[in-house]
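Step one of this worksheet: look at the structure below.
The values are calculated or read from the model by the stated rules, or taken from the named source; none is laboratory data. Quantities reported herein were computed from a predicted structural model and do not represent experimental measurements. When we count neighbours, we look across all protein chains shown, and the Cβ atoms used for this are built from the backbone with ideal geometry, even at glycine.
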Amino acid sequence: MAKKDSAAFQRCINPACAATFDIHEALTACPECGNLLDIAYDWEAIEVPKRLSDFERRWARRTDPLDFSGVWRFRELLSFAPEEALVTIGEGQTLLYHNETLARQIGLSGGNLHLQYEGLNPSGSFKDNGMAAAFTHARMAGARRAACASTGNTSASMAMYAAAVGMQAVIFIGSGKIAYGKLAQALDSGGLTLQIRGDFDDAMRLVQQAAPRAGLYVVNSVNPFRLEGQKTIMYRVLEALSWEVPDWIVVPGGNLGNSSAFGKAFIELHELGLIDRMPRIAVINSTGAHTLHTLVGDKGLSWGAGSVDDEAIAKYYGYLDAGGLRAHTVATAIEINRPVNLKKCLRALDAADGVVREVPDEDILDMKALVARSGPGCEPASAASVAGARLLVEEGVIGKSDRVVCIITGHVLKDPDVPVKYNSLTGEALVDALGLFSREAPKYQNLPVEIDADLEQIVKVLEGGA
Ligand SMILES: *Cc1c(COP(=O)(O)O)cnc(C)c1O
Ligand SMILES: [Zn+2]
């Protein structure tokens, strides 16, 4: 499986422009027309395996860090760098697990629900898949400093990879908008952390403006290499399903990097003849950060063979600005009103017969509780996928015996505040803390029992309980 880095190049996603750029350039938008860039490949020049199952031979070579990596064991499918340049810290050792309890709870009577648990990554979220690829490219481009705007997980992952390869990490975060576990990681890894008085969308704008002036290599998902790494999440889903394509991939939508990467992964596999059909993709917003749902669901925005209605997007953003409307959701990882990968996501929805839904924070937290009751727990944003799947089953869009894969994007300890509040507060205190649950108590609340240090009392409680 030889490799030639010249087989890859960068290309504008706008078909009317389609400008191409050398693979070594560090760009986050097309200099010609401002649209996003893709990594494109001259597949003829790459020795791609004839069947996906050919990748299995790497399972026997787990002592080789590249074959161990859940990203680079699929390296022919993201072949933009020579092997000796690839960066890995063991990302992608993730788990697809079948969850029958949760399947029943969300109405899948056929019981075919799988959770792709990305919380097992080194930094505890799927972002590591993308960072392995972005840092590989950062080194190819000769970068010294990496930067991102972040709701938390991007910075945690970036800071960890920067530390591993000896680069400086510069983090732009909106003040008060970062979950504790994620901030802890960024600070501990030595990242220079700028707490900006503003929200994520402000931080995102500023990092892009600061990058050329301060020589920063941007690793947000506007970086097309990030998405190449995140394609591998889908390869691992297929791998775990013995290379069978599921009916549905359900994913939370924030900056829409994942949904875009998943779409690209399946489009390429299909073109290469490595899969014979596309799964459908469902992207799930929170009702408090629902730009994609509004634009696609209400306003009918679509990819339209690449001629996206830019005016409709500008008009909606103008409306947000005029009203001072900010994203607000307990799922901070998807608390984003201006998703940078919007157009790529539209392309993915078009190719994968996709749907978009929004779910309220109450549902996200209830489903988060249920995820943890039947397997490894997750952070709030991750549970949006399960809440979305439940809604789509209820609507009859997802069939009861469809094979459904929900992406569980991050580990439960990323945001420990939320489950503590959900499970320990009641009444007004709970409403104040989480800004929701005006009802008596959350559905799956698990209140701790306060008790004296007294054996008889303990025995009494245990006899009364389960
Ligand atoms: C980044 C993130 C998301 C959002 O993913 P996008 O690719 O930006 O849509 C969802 N969940 C978690 C845990 C995240 O860290
Ligand atoms: Zn262009």
* Consider C17 carefully, then state whether it is surrounded by 17 or more Cβ atoms within 10 Å (Cβ to Cβ) and either within 24 Å of the chain's Cα centre (by Cα) or within 16 Å of ligand 2 (Cβ to nearest atom) (or both). => no
* Based on what the data block shows, is A381 in contact with a His (Cβ under 9 Å, 6 or more places away or on another chain) and hydrophobic (A, V, I, L, M, F, W, C)? -> no
* If you check S189 against the conditions, is it of a type in the set (S, T, Y) and either touching a Gly at 6+ places or on another chain (Cβ under 9 Å) or closer than 30 Å to K400 by Cα (or both)? -> no
* Out of (1) more than 16 Å from ligand 2 (Cβ to nearest atom); (2) free of Cβ contacts under 8 Å to residues at least 40 places away in the same chain, what's the single condition that is false for R11? -> (1)
* Filtered residue count, the stretch 357-390, keeping only those that are in a helix (DSSP H, G or I), of a type in the set (V, I, T) and out of contact with any Cys (no Cβ under 9 Å at 6 or more places or on another chain) -> 1
* Structure fact -> Of the residues in the stretch 304-334 that are more than 28 Å from A389 (Cα to Cα) and in a loop (DSSP other than H, G, I, E, B), the one that is modelled with the lowest pLDDT is G324
* To do: Go through the stretch 391-437 and count every residue that is away from ligand 1 (no atom under 16 Å from the Cβ) and assigned to a strand (DSSP E or B).
  => 1
* Asked: So A240 fits all but one of (1) over 12 Å from the mean Cα position of the chain (by Cα); (2) within 14 Å of ligand 1 (Cβ to nearest atom); what number is the exception?
  -> (2)
* Return a yes/no flag: does the stretch 95-108 have any residue that is buried (at least 19 other Cβ atoms within 10 Å of the Cβ), β-branched (V, I, T), closer than 30 Å to V386 by Cβ and within 16 Å of ligand 1 (Cβ to nearest atom). => no
* To do: Please give the number of the condition D64 fails out of (1) over 19 Å from A132 (Cα atoms); (2) more than 16 Å from ligand 1 (Cβ to nearest atom).
  => (1)
* Tally, over the stretch 305-327, of residues that are away from ligand 1 (no atom under 16 Å from the Cβ) and touching an Asp or Glu at 6+ places or on another chain (Cβ under 8 Å) -> 1
* Quick check: is even one residue across the stretch 36-53 within 16 Å of ligand 2 (Cβ to nearest atom), free of Cβ contacts under 8 Å to residues at least 40 places away in the same chain, closer than 25 Å to V219 by Cα and not aromatic (F, W, Y)? -> yes
* To do: Tally the residues that are farther than 30 Å from D309 by Cα and among the polar types (S, T, N, Q), restricting the search to the stretch 3-49.
  => 1
